[in-house]
Amino acid sequence: MESISIFDIFKIGVGPSSSHTLGPWKAALDFIELIKQDGIDHMVVHLFGSLSKTGKGHATDIAVQLGLLGYDPVTIDPLEIQSIIDKLSKEGLLKIGNSEIEFNPNRDIIFENANHIRHPNTLVFKIFSKGDLVQEMTYASIGGGFIEKDDSHTDNIEVIKLPYPIESGEDLIFHCEKTRREISDIVILNELYFGGAEEIHAKIDELLETMLECVYRGCTTGGVLPGGLNVKRRAKELCAQLIGNSDYQNRDEWIEAIQKSSTDFNKINKWISCFALAVNEENASLSRVVTSPTNGAAGVIPAVLLYYFFFCDYAGKDTARRFLLTAGEIGCLFKKGATISAAVGGCQAEIGVSSSMAAAALTEVLGGSPAQALMAAEIAMEHHLGLTCDPIGGLVQIPCIERNAMGAMKAITAANLALSSDPSSAIVNLDTVIKTMWDTAQDMNGKYKETSEGGLAFNLPVVMASC
């Protein structure tokens, strides 16, 4: 199998979707680098399958435009996105290399009423010169911000020989037991083959900072989410209720206020939901988040991590780094053995995987063994099997935002169950549940795979008409 870094699982980008926003954005960036010809005068982009059916709600068209304009999803100022899009719409020109290319987004981004044999999330870029097609490239956005172009998924894969090759949970446990190390120790030793220790720590710290800043923004920003469903942001109001009379002017004071707030069970439960809601309300607003492993599931990992930070025996930044290392490796296992794309596997592939990742990570930092961590990961996914993806209006809002809160709570429950259990007596292991998730994904009806053609997305108009 291809070696995957945890930094392939955790990516900084702009919401609302890793497969429908970040992936197409990266595909457009890649395509403009391939254009070598001069004299090009026109471009079109065809969107197929789930990208077509829910692309408007997921801002796929906006992402494609930003990529074609050369903007980086990691560094772009989300507040400038609308003005950039408005300018392109007004001018109708892309400047790529030495060419000025005619491009009218309303006409030249084509939402095809068809699936593509390549993948449920497929884009085809075409460029023309004087009416003649001169170059074409097909991309698949395969989930979590990963992209594949044409048949690149089978050719020219660089095989990296890691010191501790991991293709399954069984492999991971074998390495941990043989070396008497924690999961995060094995992961960091493998990551050293992708970069130096200082670089790895710096990348992890950037992820942690981005997550924390996203939660803080979400907890301090009110209003209504874009998209037309008129979904009211709830994290800010919930945060204010939980903090009470405490006053804060910045993020550090906000953290202190939370640390001083009541810590009874109900309050902690609400804080976990608040953190998760905050992230995914930001995600729905085209703000900056960390794929964990996707944008739609980006709130679970930060919510569980902040639960550990605020309400457990937090042991410093090194344990937060370990949290992400362990979580990332579980995400890699699902990416290799199943899918992290809702368009392929439904929401079990997003919220289910993120909950599994968080459960294993929390178990390790709370003192659990590697076997208990994998047991927690298995428990979390076992109780997400079959979860469908049916976003109303194609927007990553209902049921996606609340679903992150539920995934976070399941992760914590799974960790607690594993910490009080003997993994040697478990009947189901992680590898079995990963295979089962993949089997379930293949059997799942296509209308429940991020098409907005089934479930809540289908029934909401009936509910609204009867109200």
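Quick note: the coordinates plus some simple rules give every number you see, no bench work behind them. Quantities reported herein were computed from a predicted structural model and do not represent experimental measurements. With ideal geometry, Cβ positions are generated from the backbone for all residues, glycine too; neighbour counts draw on all protein chains shown.
Karplus-derived 3J(HN,Hα) values for the range 87-103, using 6.51 cos²θ - 1.76 cosθ + 1.60 with θ = phi - 60°, are 5, 5, 4, 6, 7, x, 9, 10, 9, 10, x, 9, 10, 9, 10, 5, 8 Hz; glycine and proline are entered as x. Report the local net charge at Ala278: Lys and Arg +1, Asp and Glu -1, summed over other residues whose C-beta lies under 14 Å from its C-beta. So the surrounding residues net to +3. Would any residue of the range 429-447 have its amide N under 14 Å from a label point 7 Å out along Cα→Cβ of Leu385? List them or say none. Inside the label zone: 429-444. Computed from Cα atoms, the angle from the helix 265-284 axis to the main principal axis of the chain rounds to 10 degrees. Estimated at 0.36 nm per residue, the fully extended path between Asn459 and Tyr248 surpasses their Cα-Cα distance by 71.7 nm. Would you work out if the range 389-450 is rounded, prolate or oblate? Take a ≥ b ≥ c from the square roots of the eigenvalues of the alpha-carbon gyration tensor; rounded if a/c is under 1.5, else prolate when a/b is larger than b/c, oblate otherwise. Because a/c hits 1.5 or more and a/b fails to exceed b/c, the range 389-450 counts as oblate. Seen from Ile110, the other residues with C-beta closer than 11 Å to its C-beta sum to a net charge of -1, counting Lys and Arg as +1 and Asp and Glu as -1. Within a straight-line Cα-Cα reach of under 28 Å, Lys317 can be paired with the following lysines, leaving aside sequence neighbours fewer than 8 residues apart in one chain: Lys11, Lys178, Lys203, Lys236, Lys260, Lys267, Lys270, Lys335, Lys410.
Expressed as an acute angle from 0 to 90° and rounded to the nearest 10, what is the orientation of the C-alpha long axis of helix 197-219 relative to the principal long axis of the chain? So the helix axis and the longest Cα principal axis differ by about 90 degrees. Taking packing as the residue-averaged number of other Cβ atoms within 10 angstrom, the listed peptides 82-88, 24-30, 247-253, 450-456 run from highest to lowest as 24-30, 450-456, 82-88, 247-253. Principal axis analysis of the Cα atoms in the range 141-260 yields extents of 54, 41, 27 Å, listed in decreasing size. Across the chain, the mean sequence separation of Cα contacts (distance under 8 Å, 6 or more residues apart), normalised by length, yields a relative contact order of 18 percent.
Shape summary: the range 78-142 maps onto an equivalent ellipsoid whose semi-axes, from the alpha-carbon gyration tensor, are 23, 18, 11 Å in decreasing order.
Charge tally for Cys389 (other residues, Cβ to Cβ under 12 Å; Lys, Arg +1; Asp, Glu -1): 0.
Rounded to whole numbers, the Karplus 3J(HN,Hα) couplings from phi for the range 331-348 are x, 4, 4, 5, 4, 6, x, 8, 7, 10, 10, 5, 6, 9, x, x, 6, 4 Hz, using 6.51 cos²θ - 1.76 cosθ + 1.60 with θ = phi - 60°, and x at Gly and Pro.
Obtain the radius of gyration and the Kirkwood radius of the range 272-371 from its C-alpha atoms and give Rg over Rh. Computed over Cα atoms, the ratio is 0.97.
By the helix-only formula, in which each DSSP H run with n ≥ 4 contributes -39500 (n - 2.57) and the sum is divided by residues, the chain has a 222 nm mean residue ellipticity of -15500 deg cm²/dmol.
Packing around the peptides 137-150, 357-370, taken as the average count of other Cβ atoms within 10 Å per residue, puts them in this order, highest first: 357-370, 137-150.
Fully extending the segment from Ala197 to Asp86, taken as 0.36 nm per residue of separation minus the present Cα-Cα distance, adds 35.7 nm. Net length available on complete extension from Glu402 to Asp77 is 114.4 nm, with 0.36 nm assigned per residue and the Cα-Cα distance removed.
Helix 251-260 and the longest principal axis of the C-alpha atoms of the chain enclose an angle of approximately 30°. When the alpha-carbon atoms of the range 18-149 are used, the pair Rg, Dmax equals 13.6, 38 angstrom.
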